[in-house]
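Here's the structure we're looking at; comments come further down.
The values are calculated or read from the model by the stated rules, or taken from the named source; none is laboratory data. All values derive from a computational prediction rather than experimental measurement. Please note: Cβ atoms are built from the backbone with ideal geometry, for glycine as well, and neighbour counts cover all protein chains shown.
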Amino acid sequence: MSKRHVEEYYAKMYSDYRELKKVLEELQNTLTEEAANSYVSQIESIKEKVRLLEANYKRLSYIIFLLNKPNRKKKETKYIRSESKKLNAIPEKDREEAVIQENKSVLDDIKNMI
């Protein structure tokens, strides 16, 4: 997989994420109290699907950030400053350290089960 493939995949994820936000906005604008009552049973399912799509997008956003990060320390500071708005939109749980910790925790749990 080349950088181009990752960027194409990211573009698709970004498109899906924008579509999700648009659908949720439309739902919020057109939702009546009667319709809301009919969705009550589906709310948890909807929330889980939204959470998954958003998590995928945020983690991939962080990967793109790392992929484009310059190797030189001198340029890295400028890059981080220019990308700070995008970086701040990515929660800590979707960043490198949290993902590594999450993986370690899962592996430890599995090892303890065996």
Query raised in the report: Is there any pair linking a residue in region 8-35 that is in contact (Cβ under 8 Å) with a residue 12 or more places away in the chain and within 15 Å of Val50 (Cβ to Cβ) to one that is charged (D, E, K, R) and surrounded by 11 or more Cβ atoms within 10 Å (Cβ to Cβ), with Cβ under 8 Å and at least six apart or on different chains, and which?
Result: Tyr17/Glu54; Leu20/Glu54
Query - Which listed residue, of Glu76, Glu97, is assigned to a helix (DSSP H, G or I), surrounded by 10 or more Cβ atoms within 10 Å (Cβ to Cβ) and not β-branched (Val, Ile, Thr) - result: Glu76
Requested in this report: Being β-branched (Val, Ile, Thr) and surrounded by 10 or more Cβ atoms within 10 Å (Cβ to Cβ) is the filter; apply it to region 1-46 and report the residue that is modelled with the highest pLDDT.
Outcome: Val6
Query raised in the report: In region 66-90, how many residues are among the β-branched types (Val, Ile, Thr) and at pLDDT 90 or above?
Result: 0
Query - Residue check for Asn71: in a loop (DSSP other than H, G, I, E, B), surrounded by fewer than 11 Cβ atoms within 10 Å (Cβ to Cβ) and either among the hydrophobic types (A, V, I, L, M, F, W, C) or more than 20 Å from the chain's Cα centre (by Cα) (or both) - result: yes
Query raised in the report: Condition test on Arg51, is it under 22 Å from Tyr14 (Cα atoms) and either outside any helix (DSSP H, G or I) or touching a residue at least 40 places away in the same chain (Cβ under 8 Å) (or both)?
Result: no
**Report entry** Flag if Asn56 is of a type outside the set (Phe, Trp, Tyr), touching a residue at least 24 places away in the same chain (Cβ under 8 Å) and either under 26 Å from Val99 (Cα atoms) or touching a strand residue (DSSP E or B) at 6+ places or on another chain (Cβ under 8 Å) (or both)
**Finding:** yes
